[in-house]
Amino acid sequence: MKVEIYTHRIVLKMAIETVLYDLLGITPNASEDEIKKAYRKKNRNDPNAATKFQEMAAAYEILSDPDTRALYDEGGMDGLQGGRSGGPSMDDIFAQFFTGGSGGFSFGFDMGGPSRFGRQNDSVLPHEVTLEDLYNGKTVKMNMEKQVLCSSCKGSGAKGHAKPKQCSTCQGSGRAYIKTQLPGGQMAVSPQRCEACNGKGENLREKDRCKKCKGSATVKEKTRQEIFIEKGMADQQRIVLAGAGDEEPGVSAGDVVFVLKVLPHDSFERNGNDLLVKVKITLSEALLGFSRILLTHLDGRGIKVTSPPGKIFQPDSTIVIRGEGMPIYKRPDTKGDLFVLFEIEMPSEDWLRSVDQQALANLLPPKKPEIQPEPKIVDEANFEEIDVRSQSFPASQDFFDHGFANQRDAINDEDWEDEDDDEGDTFDDYAGGGPAEPECRQQ
């Protein structure tokens, strides 16, 4: 007993830093059992344990292992990193013990293995969807392959009542310590998963392994999963199938997470709960009005619009149809707005040659007069037609697109009504200065 006390006193004396001990509420001469009890008690009774989870877990991992504890007692944080000057911060130390990311913790030294706190890693999969899928909702059924516990050995990996033996390489710890020489002759010790036992700390002899799973304790199994894409979901939104991930002995299965990736649409653009669509109208319709189905919506409905008498549409005029945008997520009966941007389609040269041009000129507004005052020098220039959008022209996209993203007009007092099956929706015409339209970008 005297020898043990004397040993603890030496450890206490050599502990040049006590941050990790303080996290667990113990002294540097605490025994291994006291460290374990303090960690369990801290997690159970401390109301702030959730926010301190990483810190306490990393402290426990370091102090519960005699090798890393000795390094810490002798050199503090610097000792764990081979004595480098300007030692690492607590975040640096935790980064060594925690892997994974915002999706959850994966504690330990195996970058791809299950959590030592009893949970497998999540499987994150991209899933492509169309704008129609997000507008109408959709159920998707798919065949998947997952790792499940072997039914023959019940996840033990052993044949009959055979028991695994302690790994002789890591002595049952599941990890090995690798020494690396640093500049200046100093040595750094870093823990890694033991390759001999795959981090389990024990092995089965070849003859004792389950015939079905070959001692791995798990087998591959095909399953049929179903996900429901709800109306109004957004790009990058996640759909989680809880517990549908791979299984591992001693840990609960992780989740399968589908991340929605919205494909570009040929006609519609989305901005939040609003939609934008560009519609071509003829010069005659821009001048004299129209009453027709302008577009087919994402659910297949035709949207019929009748313009007010005497209304002339300028190029890039925009109207808004209230309540015809995207369904709002979790409130699908409520929708955003639909913005319709008009592009005026000019008549062809063949049409021009087929009409009385003089009579047409008499009907149209007069041409613009010459610039006044007239410049002293006037050069006659030749021109050729070109699509400047396809050229390397140093101008922003807004230079060419004076449409939805640049509309800064207020809503006119006059309302329009559409003729859409049994419904009538309200339309507003954008004209004049006022509130801005939402900026719409393709998802």
- prompt: In the full protein assembly as shown, how much of Arg209 is accessible to a 1.4 Å probe, in Å² to the nearest 10?
  reply: 80 Å²
statement: P(r) over all Cα-Cα pairs of segment 221-299, 10 Å bins from 0 to the longest distance, whole percent per bin, short to long, reads 13, 29, 22, 16, 11, 6, 3, 1
message: If packing is taken as the average number of other Cβ atoms within 10 Å across a peptide's residues, how do 304-312, 357-365, 168-176 rank, most packed first?
response: 168-176, 304-312, 357-365
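Expressed as a rounded percentage, what relative contact order does segment 147-265 have, with Cα pairs under 8 Å and six or more residues apart? Let's see the in-between values first.
Details: 194 pairs, mean separation 34.0, N = 119.
Relative contact order comes out at 29 percent.
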query: Considering only protein heavy atoms, what is the solvent-accessible area of Phe258 at a probe of 1.4 Å, reported in Å² to the nearest 10?
result: 10 Å²
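Longer than 24 Å from Cα to Cα, which of Lys278/Lys367; Lys222/Lys330; Lys146/Lys214 are they? Say none if no pair is. Show your work: numbers first, answer last.
Details: Lys278/Lys367 29 Å; Lys222/Lys330 32 Å; Lys146/Lys214 17 Å.
Among Lys278/Lys367; Lys222/Lys330; Lys146/Lys214, the Cα-Cα distance tops 24 Å for Lys278/Lys367; Lys222/Lys330.
Could you tell me what percent of the accessible area of segment 116-250 is made up of carbon and sulfur, with a 1.4 Å probe and every protein chain present? Mind dumping the intermediate values first?
Details: 3850 of 8400 Å².
Carbon and sulfur: 46 percent of the exposed surface of segment 116-250.
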statement: A chain fully extended from Leu283 to Asn382 at 0.36 nm per residue, minus the present Cα-Cα distance, gains in nm 32.9 nm
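The values are calculated or read from the model by the stated rules, or taken from the named source; none is laboratory data. Note that this is a predicted model, so its numbers are computed, not measured. Note that we place each Cβ from the backbone using ideal geometry, even for glycine, and neighbour counts take in every protein chain shown. Note: accessible area is taken over every heavy atom of the protein model, side chains too, but ligands, DNA and RNA are not part of it. Shrake-Rupley method; radii C 1.70, N 1.55, O 1.52, S 1.80 Å.
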